[in-house]
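Everything below concerns the one structure shown next.
The values are calculated or read from the model by the stated rules, or taken from the named source; none is laboratory data. Just so we're clear, the structure is a prediction, and the values are computed from it rather than from any experiment. No Cβ is skipped: glycine too gets one built from the backbone with ideal geometry, and neighbour counts run over all protein chains shown.
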Amino acid sequence: MEKKDILILAIESSCDETAAAVVKNGREVLSNIISSQIDIHTLYGGVVPEIASRKHVERINQVIKEALSEAKVSLEEIDAIGVTYGPGLVGALLVGVSTAKALAFGAEKPLVGVHHIEGHISANYICHNELEPPFICLVVSGGHTHLVVVNDYGEYEVIGRTRDDAAGEAFDKVARAIGLGYPGGPKIDKLSKEGNMNAIEFPRASVAGAPLDFSFSGLKSAVLNYINSCKMKDIEYNKADVAASFQKAVVDVLVSHAINACNERKINKLAIAGGVAANTGIRNALVEECKRSNIQFFSPSNILCTDNAAMIGSAAYYEYIKGVRHGYDLNAVPGLKLGERL
């Protein structure tokens with residue numbers, strides 16, 4: 001008997017993107033609709049949670065309809081509904097979770113809650129059919145910097161994490177300091193191409209007793225101190241040099257930790273995930289270092305690095321086939337840790 005294709009309708013609303021997607025068998029994207037709020041939040045220099053929640057309420061039904069329409073499937077043909085339930089902004093998450101529960105109840109479909117970071121990691125499955133666990137994944141986003149051993153589908157072991165600022169957070173704060181505005185990551189990445197990455201020696205922090213952990217607050221402070229010192233002395237500083245030197249300091253730490261994790265665990269597959277994974281400086285350095293170290297490197301396309309529902313659909317598929325189901329008491333968990341289960 002021919003194996004039945006499994007279709008997941010996925011919903012993502014953890015921050016400022018309202019997204020819905022239809023994913024077949026965890027690897028094939030039939031539709032991936034993203035409604036971004038970036039223009040609104042740029043006015044405020046960052047995401048305003050209350051505004052994000054209201055915009056999700058306005059857009060979510062349209063985005064779901066569009067995802068089903070583009071995939072050319074009806075709700076009846078869907079096998080399960082996957083939704084991000086954490087981590088993220090509580091109000092934003094609640095919009096997605098409430099909608100998913102209502103749809104699951106009304107259409108009598110199973111409900112599968114998905115961890116947002118598991119979604120980011122699973123984006124690699126969509127872009128690389130050949131990728132299977134075990135592998136190491138470097139997760140870099142606005143709120144997270146993790147080194148994760150993916151032992152199997154849905155089985156994660158965090159072996160390195162940030163002790164303070166996430167890499168993306170540091171990018172946003174430094175971008176604001178040099179007058180680039182929000183979102184910081186893409187703007188610093190672009191400006192750094194015009195600068196000299198060796199112009200300023202910024203620190204590379206290590207954490208005593210935890211060689212795979214990260215710390216970016218000292219680097220962020222060093223950049224702010226450099227800028228303030230120049231202003232106090234009435235010295236004009238080169239913004240492109242600051243951006244390039246800062247990015248180089250972040251890249252050096254991320255790359256060295258990721259390669260060390262592969263060597264330590266004797267795993268020759270390294271993936272990258274999360275919004276900051278779209279950064280060209282990080283990608284290029286990882287490609288080079290992996291080639292040198294004989295490690296296979298995997299990365300999602302740029303659209304799958306940032307928040308989207310296709311990645312949630314992929315993660316939901318692997319949870320679904322393992323028999324994971326959630327009840328209508330599923331709630332938003334803003335501080336959900338990777339590997340935690342409800």
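All but one of (1) modelled with pLDDT under 95; (2) buried (at least 19 other Cβ atoms within 10 Å of the Cβ); (3) part of a loop (DSSP other than H, G, I, E, B) hold for Ala52, so report the exception by its number.
Of (1) modelled with pLDDT under 95; (2) buried (at least 19 other Cβ atoms within 10 Å of the Cβ); (3) part of a loop (DSSP other than H, G, I, E, B), only one is false for Ala52: (3).
Hey, does region 305-328 have a residue that's at pLDDT 95 or above, surrounded by fewer than 19 Cβ atoms within 10 Å (Cβ to Cβ), among the charged types (D, E, K, R) and farther than 30 Å from Val63 by Cα?
No, region 305-328 contains no residue that is at pLDDT 95 or above, surrounded by fewer than 19 Cβ atoms within 10 Å (Cβ to Cβ), among the charged types (D, E, K, R) and farther than 30 Å from Val63 by Cα.
Name the pairs: first residue in region 269-280 and in a loop (DSSP other than H, G, I, E, B), second residue of a type in the set (Ser, Thr, Tyr), Cβ to Cβ under 8 Å, at least 6 apart or on different chains?
Gly274/Ser141
Do you know which of the residues in region 179-211 that are within 19 Å of the chain's Cα centre (by Cα) and assigned to a loop (DSSP other than H, G, I, E, B) is nearest to Asp252 (Cα to Cα)?
Applying the filter and picking the extreme gives Pro183.
Would you check which residues across region 5-16 are crowded, with 19+ Cβ neighbours inside 10 Å and of a type outside the set (Asp, Glu) and list them?
Leu7, Ile8, Leu9, Ala10, Ile11, Ser13, Ser14, Cys15 - these are the residues of region 5-16 that are crowded, with 19+ Cβ neighbours inside 10 Å and of a type outside the set (Asp, Glu).
Checking the conditions here, which among Val90, Val57 is touching a Pro at 6+ places or on another chain (Cβ under 8 Å), closer than 18 Å to Asp16 by Cα and surrounded by fewer than 19 Cβ atoms within 10 Å (Cβ to Cβ)?
After ruling out the rest, the residue left standing is Val90.
Evaluate the following for Val73: is it buried (at least 19 other Cβ atoms within 10 Å of the Cβ) and either modelled with pLDDT of 95 or more or in a loop (DSSP other than H, G, I, E, B) (or both)?
No, not satisfied.
Only residues that are outside any helix (DSSP H, G or I), out of contact with any Phe, Trp or Tyr (no Cβ under 8 Å at 6 or more places or on another chain) and among the hydroxyl-bearing types (Ser, Thr, Tyr): list them for region 283-342, please.
Once the filter is applied, which keeps residues that are outside any helix (DSSP H, G or I), out of contact with any Phe, Trp or Tyr (no Cβ under 8 Å at 6 or more places or on another chain) and among the hydroxyl-bearing types (Ser, Thr, Tyr), region 283-342 yields Ser299, Ser301, Thr306.
Just one of Asp39, Asp5 is without any contact (Cβ under 8 Å) to a residue 40 or more places away in the chain and assigned to a loop (DSSP other than H, G, I, E, B); which is it?
Of the residues listed, the single one that is without any contact (Cβ under 8 Å) to a residue 40 or more places away in the chain and assigned to a loop (DSSP other than H, G, I, E, B) is Asp5.
Taking into account only those residues within region 17-29 that are part of a strand (DSSP E or B) and surrounded by 19 or more Cβ atoms within 10 Å (Cβ to Cβ), which is modelled with the lowest pLDDT?
Glu17
Which residue pairs have Cβ atoms under 9 Å apart, sit 6 or more places apart or on different chains, and have a first residue in region 117-131 that is in a helix (DSSP H, G or I) and a second that is surrounded by fewer than 24 Cβ atoms within 10 Å (Cβ to Cβ) and acidic (Asp, Glu)?
Tyr125/Glu132; Ile126/Glu28
Take the conditions assigned by TED's automatic domain parsing to the domain that holds Lys187 and in a helix (DSSP H, G or I) and apply them to Ala258. Does it pass?
Spelling it out, Ala258 is indeed assigned by TED's automatic domain parsing to the domain that holds Lys187 and in a helix (DSSP H, G or I).
Please work out which one of (1) closer than 22 Å to Gly82 by Cα; (2) surrounded by fewer than 23 Cβ atoms within 10 Å (Cβ to Cβ); (3) of a type in the set (A, V, I, L, M, F, W, C) is the condition Val150 fails and give its number.
That leaves (2) as the condition not met.
Does region 97-117 contain any residue that is under 19 Å from Ala332 (Cα atoms), surrounded by fewer than 22 Cβ atoms within 10 Å (Cβ to Cβ) and among the small types (Gly, Ala, Ser)?
For region 97-117, residues under 19 Å from Ala332 (Cα atoms), surrounded by fewer than 22 Cβ atoms within 10 Å (Cβ to Cβ) and among the small types (Gly, Ala, Ser): present.
Under the condition of being hydroxyl-bearing (Ser, Thr, Tyr) and part of a strand (DSSP E or B), which residue from region 143-160 is farthest from Thr306 (Cα to Cα)?
Among residues in region 143-160 that are hydroxyl-bearing (Ser, Thr, Tyr) and part of a strand (DSSP E or B), the one farthest from Thr306 (Cα to Cα) is Tyr156.
Working only within region 76-97, note down all residues that are in a loop (DSSP other than H, G, I, E, B) and at negative phi.
Scanning region 76-97 gives Ile78, Asp79, Pro87, Leu89.
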